[in-house]
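I have placed the structure first, in the form of C-alpha cells, so that the comments after it can refer back to it.
The values are calculated or read from the model by the stated rules, or taken from the named source; none is laboratory data. In this text the structure is predicted, and so the values were computed from the model without any measurement. Cβ placement follows ideal geometry from the backbone for every residue including glycine, while neighbour counts extend to all protein chains displayed.
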C-alpha cells in the first residue's frame, strides 16, 4: 500500500490504526463515555458487565469511562511534554551546530552533566520538590527530554551543516534563521519525525511511571498510570482491574513504536532494504 | 591511545564533579524539612527547632558542600540526619541488594539478547526474525508495572509458584535469594533483552551492508560464518554501548520494579529519603547513581575504542 | 448473620467476656463443647506456651526510624520499643489503667500532686536495678525547654517531677487532672536507666533484646529471659519485617511469609477468610478519620460553611463503599460510642443535600472557595474518600476542589496549615485526653484552631472533678459544641484490623492501637 508516496507496511498500518483508535477515543471521550468518569455508581470492584464493560473501580466508578478520560490526560501530557522537548531541544541543538565554538561547548557540557543523573531520579526529586500537577509534569519531562532532543538535533544538524549547499547559502550571506528554515529543517525533518515518535513513546511511559509512583495529575482525574496505582489492591484479590489501564499504555506505545520503526526504515533504506 | 584514555577519564571525573554540585544544589531546594518529617504528626514549633539545631541544618550551604565533598572523597558519606546512622550503613545493604538483582538479570539477559540479536540478523526477514522483532517491540512498549503485576497475578496469586514480594534476608541461602527475586528478575530481563537484542540486530545488519561484507557474500562464504567472523567484531562497539546503557538501567532505573515487588533496593531508598528529606542519604544515592552511570559509559567508551581501530581517532 | 454468628464474632473481637459468652451460647442451645472450642479459637483463657519465633509483617516503618524513644511516630518503632522497654502504666483492653513500672499512683485531694511508688525488684538488661532516679530521668526526656519529644505536648502540664525516696516519686501538675495516669500511658513514655543516651545500644527492663535493626527494613529481637510480668514475653524470638505497601503486606501474610500483620485492607478480608487459616482481629474504639477546617480562616470562619460541608458528606455511603462493616459513621465529635462519656443523645448527622445547599447559600459560598488538601499519608483511602465527598457535595451544588498533596512533608507543610484537609486521630483512652489534645485552645495540635473560652472551662472542670455525673455533663456539652459548631467533619470511626495465622494466640483486640496496643511481642504466643 502506498501513502503519500511512501510504502506502508502491515505493521505500520496496524500502528497507525492503534494510534488512531487511542487518540480518537481520547478526543471523543466526552461524547462516547457511557458514564460520568468520577461518579460512584455501585459497589467496589464490580465485575465487568454489559453496563460496565471493564467493571467498576475501587470506589465504584465505571472503569471504561475512566479509561477513555484517562487516555485523554495521558496522551495530552505526553504530547505536550514532547512538543516542549522539541521546541527547546531543536532550537538549542541547531544553535549549537551552527554557532559552534563556545555555545556548542557550553550547551554540550550542560547536557552531559544533566544526563549523568538517571532521568527518572531527577524527575522524582524535582516533582516531589515542587508538587505534582499537569503543568509540572509537562515542564519537568519536557525539559529533561529537551536535553536528549538537543543531542539528536545537534547531531542531525551537524551532518547537514557541512553539506556544500548549506555552506554555499551561508557564504551567500543569508541570515542564520533563513538558513535554518530553508536549508536545514527540510533535510532534518525525517530523522526528527522518527525521533519525535520515539520521544513521545518514552514520554508516555515516563508519565505513566511517575503517576504510578504517585506523582500524577490531581484527583478525581486520573491518567492511565494513576489508575493502575489506584486499583493496585485488586491484584492480591486476584482481579485484573489494574491490568486494563496498564495494557492500554502498552498498546498505544506498541502502536507508536511500530510507526517509528517504519519511519526509520523510510530514510535509512540501506541497499534497497524492504524490511 | 593512552592519552585518549586519560582524556576520557579526566572528562569523566570533571563531569562527576559537576554532577555533585548539581546534586547538592537540587537537594537543597527540597521544601519542607527533615525536622518536622521525623516528628510527623508530633511536630510542634519547639521540638522542630530543637531538632534543626541538633542536625546543623542552620549552617550556610557552601560550607556544607565543601565539607560534604571532602568527606565523600575519603569515603565518608556522613550520617543520616534522621537516625544518625552512618550513610554507608544505610546504603550498604541496599546497594548489595540492587547489585545482586542487576547482576542476576544481566547474567541471563546479556548473552541471551546478543544471541537472539545475531540469530535474528542471520535469519533476517524469516519468521523467526519477525516473531522476535514483534515480541521485542511489545516488550519495550510495556510499562514495567504491567509486566510486574501480570506476573504477580498469574505466577504468584493464582499459581503460587513464586513469592510476590522479593525480600532478601541475610540468613537465607544464595539459591533462596535467586528464588525470591525471580519475578523481579524476569520483569527486568524482559525489558532489557528487548533493547539489547534489537540493537545487536541493527548493528550487525548495518555492518552486513558494508562493501567488504558484501564482497564476502559474493565470495560465497556461509552467512553464519560471515556474521560471527566479520560482522560481529565490527559491530561490537554499538553492542557494548547498549549493554552499558542497559546495565546502568538495571542499577539506577528500577525504582518502579522495586515498588511493584517491594524490593529493598537503592531506588526505593532514595525515594524514601527524598520523602523524608534525609538529605545526606539522597545525596549519597545520587552520587552512587552518577558514578555508576558515568563509570559504565566510560568503560563502554574505552572498550569501544579498544575494540574498534576506527574509533581510536575520533573527530 | 444469625445470633450464633454474631456471638462468635463478638467473642473473637473481645466484646463479650468468657462467662457472658458461655451463658449466651447456652441460651442459644449451643453445645458446651462447641462453645468452648470457639472460645479456645478466640484466644480466651488459654495458658501461653513458651517458645517459637513470631514473624510480623508490619507497616509504619521508615529508613529514617531511630531507636530514640522521643522520636517515635508510628507502629514499627512502638512495637519494637515495648519489647525492649516498659512504660509507667499500661492501658488494658478494657481501657483501664494497669500498673507497669509504677505500682501505684495516688493523687492528692485536688489531683494536682501524684505520689507514685516505683516497682521493686525489676532490673535493666545491663544489670542495674530500677529506682526513682530512672523514673525522673525518663519523664524529663519529654519535658522542659527544647524537648524534641513527640510527647512534649501532653507532658506540658507536668510542672515538676520530684524524687521522694529510692522508690517513690512525686509528679506535680500545673492544673488538676484526675486522668493523669492516661497521660502517662503515652507510647513515648518508656523507662530507661538514669543518664542513658546511647540509643543505638538500648538498655531496658523489657523482655527482649535487640539482635538486628535495619531501619525501615526489619528488627529482630530475642528473649532475654526472666521477664518480670506474669505470662508475658513468651516467644524465643520476634522478627518484624517492614512492609508498608498494603497489597504486598497482605500477600506476604497469605504466602505464609509472616504470621501476624495489621492494617488489613477491607477489600481483601473476604479472601483472607476464604483461605481458612487466618483470623481477623477487630477492635472498635476511638481511631477516627477527620477533615479539619481551620475556624479562623475564611470561608470556614462562618459556621454555615462548616455546616454546609458537614451535611454534604455522605458518611453512610463512604463507610459502606470503602470500609463495609469495619467502620461506623461519626457525628462530628471525637468521642466514640465505646467511651463511657459518649453523648448518645445527639442526633446523628445525615447526608442532606438540601440543608447543605441552604447553608452554603446562606453563607454565599463561591465555586472556588473550598479546597480540600488530601493525601493518603493521612490515612489509606483519604484520596478516595475526598473524591466521594466531592461527588456528594456536587450533588448539593457545592464545588469542592480536591488537591492531592505530596505524602512527603504532609504533616509539615499541610497539617495545621491548610485550611481544609484530610487527617486522622488515633483515639485516646480518656475522653478528656482526646478533647485536650485536639480541641483545647492552647493545644499545639489543635488542628481546627477551635478557640472557645466556654469549652476550655468545661474541659478544665471535667479534668478536675472525679464526680462521674458532673464529668458526664461537661463532656457531653463539649461534644454538643463540636457537633454543632466545631471545625472538624468526623465522618467515621474506623476499626483497627489485624490478622494472624490461626496458630498465633494472645493477639487480642485492643481499642487504643493495633497489634495489642503496640505490645504484640509481649502478648502473642504460638500454639505448639
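Tabulated values for the structure
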quantity	calculated
Single unsatisfied condition, residue A:251 versus (1) in contact with a strand residue (DSSP E or B) (Cβ under 7 Å, 6 or more places away or on another chain); (2) at the interface with chain B (Cβ under 9 Å from one of its Cβ atoms)	(1)
Test for residue C:338: is it away from every other protein chain (no Cβ under 14 Å) and either out of contact with any helix residue (DSSP H, G or I) (no Cβ under 7 Å at 6 or more places or on another chain) or free of Cβ contacts under 8 Å to residues at least 40 places away in the same chain (or both)	yes
Hey, residue A:141 closer than 22 Å to residue A:195 by Cα, in contact with a helix residue (DSSP H, G or I) (Cβ under 6 Å, 6 or more places away or on another chain) and at pLDDT 85 or above or not	yes
Tabulated pairs, segment A:227-238, first more than 8 Å from every other protein chain (Cβ to nearest Cβ), second crowded, with 24+ Cβ neighbours inside 10 Å and part of a helix (DSSP H, G or I), C-beta under 7 angstrom, 6+ apart or interchain	A:227/A:66; A:227/A:70; A:227/A:245; A:229/A:211; A:229/A:212
So residue B:19, is it within 7 Å of another protein chain (Cβ to nearest Cβ), at pLDDT 80 or above, surrounded by 13 or more Cβ atoms within 10 Å (Cβ to Cβ) and assigned to a helix (DSSP H, G or I)	yes
When residues of segment C:437-457 are limited to those that are part of a helix (DSSP H, G or I) and out of contact with any strand residue (DSSP E or B) (no Cβ under 7 Å at 6 or more places or on another chain), the one nearest to the other protein chains (Cβ to nearest Cβ)	C:437
Residues (part of a loop (DSSP other than H, G, I, E, B), touching a helix residue (DSSP H, G or I) at 6+ places or on another chain (Cβ under 6 Å) and buried (at least 23 other Cβ atoms within 10 Å of the Cβ)) located in segment A:218-235	A:222, A:223, A:235
Residues (within 20 Å of residue C:88 (Cβ to Cβ) and surrounded by fewer than 20 Cβ atoms within 10 Å (Cβ to Cβ)) located in segment C:198-221	C:199, C:203
Which listed residue is more than 14 Å from chain B (Cβ to nearest Cβ), within 25 Å of residue C:437 (Cα to Cα) and free of Cβ contacts under 8 Å to residues at least 12 places away in the same chain, from C:331, C:302, C:344	C:344
Members of segment C:56-86 that are at pLDDT below 90 and crowded, with 24+ Cβ neighbours inside 10 Å	C:61, C:62, C:63, C:64, C:65, C:72
Criterion: touching a residue at least 12 places away in the same chain (Cβ under 8 Å), more than 22 Å from residue C:217 (Cβ to Cβ) and part of a helix (DSSP H, G or I) - qualifying residue of B:183, B:188, B:232	B:232
Subset of segment C:349-386 that is within 14 Å of chain A (Cβ to nearest Cβ) and in contact with a strand residue (DSSP E or B) (Cβ under 6 Å, 6 or more places away or on another chain) - its residue that is modelled with the lowest pLDDT	C:378
Residue in segment B:78-93 that is away from chain C (no Cβ under 14 Å) and within 30 Å of residue A:207 (Cβ to Cβ) present	no
Exclusive hit being in a loop (DSSP other than H, G, I, E, B), outside the structural domain of residue C:219 (by TED's automatic domain parsing) and touching a helix residue (DSSP H, G or I) at 6+ places or on another chain (Cβ under 8 Å), set C:65, C:93	C:93
From C:339, C:304, C:384, residue being part of a loop (DSSP other than H, G, I, E, B) and either surrounded by fewer than 20 Cβ atoms within 10 Å (Cβ to Cβ) or assigned by TED's automatic domain parsing to the domain that holds residue C:467 (or both)	C:339
Unique match (being modelled with pLDDT under 90 and surrounded by fewer than 23 Cβ atoms within 10 Å (Cβ to Cβ)) among C:245, C:236	C:245
Residue tally, condition in a helix (DSSP H, G or I) and at the interface with chain A (Cβ under 8 Å from one of its Cβ atoms), over segment B:107-159	14
Residue among C:437, C:401 that is in contact (Cβ under 8 Å) with a residue 12 or more places away in the chain and under 27 Å from residue C:92 (Cβ atoms)	C:437
Selected residue [part of a helix (DSSP H, G or I) and at pLDDT below 90] from A:98, A:107, A:20	A:98
Residue check, residue B:267 touching a residue at least 60 places away in the same chain (Cβ under 8 Å), crowded, with 20+ Cβ neighbours inside 10 Å, within 14 Å of another protein chain (Cβ to nearest Cβ) and within 26 Å of residue B:169 (Cβ to Cβ)	yes
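Per-residue answers, yes or no, for (1) touching a strand residue (DSSP E or B) at 6+ places or on another chain (Cβ under 9 Å); (2) within 21 Å of residue C:422 (Cβ to Cβ); (3) in contact (Cβ under 8 Å) with a residue 12 or more places away in the chain:
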site	(1), (2), (3)
C:260	yes, no, yes
C:265	yes, yes, yes
C:270	no, no, no
C:283	yes, no, yes
C:315	yes, yes, yes
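Every residue, every condition in (1) within 14 Å of chain B (Cβ to nearest Cβ); (2) buried (at least 20 other Cβ atoms within 10 Å of the Cβ), yes or no:
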position	(1), (2)
A:70	yes, yes
A:91	no, no
A:96	no, yes
A:119	yes, no
A:136	yes, no
A:139	no, no
